[in-house]
Amino acid sequence: MQHKIILGLIALLSIGCGKKEDKAAEIMETDNRIKISKIQFEENKMSLTQMEMKDFPIKVKVNGMIHVPPENKADISSPMGGYVRKAPLIEGDIVKKGTFLVTLENPEYVTLQQNYMETKAQLSYLKAEFERHKIMKDENVISEKSYIKAESDYNSIKAKYNGLKTQLRLLNISINSVESGKITSTVNMYSPLRGSITKVNVNKGSYVSPATPILEIVDNSHIHLELSVFEKDILKIKKGQKITFSIPETSKQTYEAEVHLVGTIIEDNRTIKVHGHLLDNSVKLLPGMFVNAEIITDVSSADALPNNAVVEEDGEHFVLILNEETETDYYFIKTQVFTESANSGYTSLKENSNLKGEDKILNDGAFGLIGI
């Protein structure tokens, strides 16, 4: 019988300082069996385990992005064009609702205020005329035609007045200031929500039209996932299912979310959008980040072993089965197994794995011995 003594094993199997010559630390491979002394077994806190039934999640792997709801994002533009006179903010600045953003200047603002004041004066006159014609009509002093014309003129100027008033309010021009005679050629714009400046599209002195976005503001306090699920998997996805995801470009940390909404339209690339809500809104993530995600659609039971008992070697998986126990030693046989998935510290095994329910498996310490 051929014997091969293997000395100086990895740190996991070393007994400790000053014990490298201790024969109890030797491991012998005899007839394809690995021998471990009981002293070494105890010193290195090894243990034995057996297969047991465990629940494993069934997952659908998807990709997606970090997004924010539409109400948490604002493109700032002006209802009337103008030249930028003040633009003190830059990308990254934090703003509150009502924070000053930019000042625009345009002579047309002056014209608008003048039209408003002229229309207001005409409204007062035509209102008085309409009321006078109404009284005279009731007394049959004037014709129906005269009354209708007075009513039409009044309603027309009233509509114009209300329209100009609304335009001034949209431009944040104070109605009271205009009516007191304070005409301005500039308007200020303010933030409609709390958030951070993500885009600045103008410079001081540049002209912006009503269609030109001046700034973009994003509130990251309520971000969500927008995932793309292939149509072959979409019938498995339901509201409330758990999602685990990571940001591959930043770290390996895993975050949790749940399915909030399943889309009903198939995109050109044969995927359907699925929206997920984060379970922890304090997580600091940014819109536009790419995510790798898994949606847990079901749970299945399978025979499993602790992860420490299963060792990968050259793409294959092995365990050490206890073959014989003597008064002083354990003898193990290296055996290949076929795995499926891992979860919560356990690895599931396929039915064709070479294990029996009564087999005792080396748990802690298998990694350092599998390569022998």
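The values are calculated or read from the model by the stated rules, or taken from the named source; none is laboratory data. Note that the structure is predicted; figures quoted are calculated from it, not measured. When we count neighbours, we look across all protein chains shown, and the Cβ atoms used for this are built from the backbone with ideal geometry, even at glycine. We work out accessible area using only protein heavy atoms, side chains counted, and drop any ligands, DNA or RNA first. Shrake-Rupley method; radii C 1.70, N 1.55, O 1.52, S 1.80 Å.
State which residue pairs qualify: first residue over 13 Å from Ile321 (Cα atoms) and inside the range 31-46, second residue of a type in the set (D, E, K, R) and not in a strand (DSSP E or B) in any location, beta carbons under 6 Å apart, and separation of 6 or more residues or different chains.
Met46/Asp364
Table: residues versus (1) touching a residue at least 12 places away in the same chain (Cβ under 8 Å); (2) not hydroxyl-bearing (Ser, Thr, Tyr).
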residue	(1), (2)
Ile76	yes, yes
Asp93	yes, yes
Lys97	yes, yes
Phe130	yes, yes
Asn140	no, yes
Ser143	no, no
Asn155	no, yes
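From the set of residues in the range 308-332 that are polar (S, T, N, Q) and surrounded by 15 or more Cβ atoms within 10 Å (Cβ to Cβ), which is nearest to the chain's Cα centre (by Cα)?
Here the residue is Asn308.
Taking the residues in the range 221-233 that are open to solvent by 30 Å² or more (accessible area, probe 1.4 Å) and in contact (Cβ under 8 Å) with a residue 40 or more places away in the chain as candidates, determine which candidate is nearest to Gly195 (Cα to Cα).
Looking at residues that are open to solvent by 30 Å² or more (accessible area, probe 1.4 Å) and in contact (Cβ under 8 Å) with a residue 40 or more places away in the chain, I get Ser221.
Just to verify a result, which residue in the range 239-273, among those that are open to solvent by 40 Å² or more (accessible area, probe 1.4 Å) and among the hydroxyl-bearing types (Ser, Thr, Tyr), is farthest from Val299 (Cα to Cα)?
The extreme case among them is Thr250.
Would you pick out the residues in the range 162-213 that are among the polar types (S, T, N, Q), part of a strand (DSSP E or B) and open to solvent by less than 40 Å² (accessible area, probe 1.4 Å)?
If the condition is that a residue be among the polar types (S, T, N, Q), part of a strand (DSSP E or B) and open to solvent by less than 40 Å² (accessible area, probe 1.4 Å), then Ser196 is the only one that fits.
More than 51 Å from the chain's Cα centre (by Cα) and either open to solvent by 50 Å² or more (accessible area, probe 1.4 Å) or farther than 20 Å from Asn188 by Cβ (or both): is that true of Lys145 in this structure?
yes
For residues in the range 214-232 being out of contact with any Gly (no Cβ under 6 Å at 6 or more places or on another chain) and assigned to a loop (DSSP other than H, G, I, E, B), which is farthest from Pro70 (Cα to Cα)?
Ile214
Please specify each residue of the range 103-131 satisfying the condition of being open to solvent by 80 Å² or more (accessible area, probe 1.4 Å) and either on the phi > 0 side of the Ramachandran plot or in contact with a helix residue (DSSP H, G or I) (Cβ under 8 Å, 6 or more places away or on another chain) (or both).
Correct list: Gln122, Lys127.
Filtering the range 57-102 down to residues that are polar (S, T, N, Q) and open to solvent by 10 Å² or more (accessible area, probe 1.4 Å), which residue is nearest to Asn220 (Cα to Cα)?
Asn72
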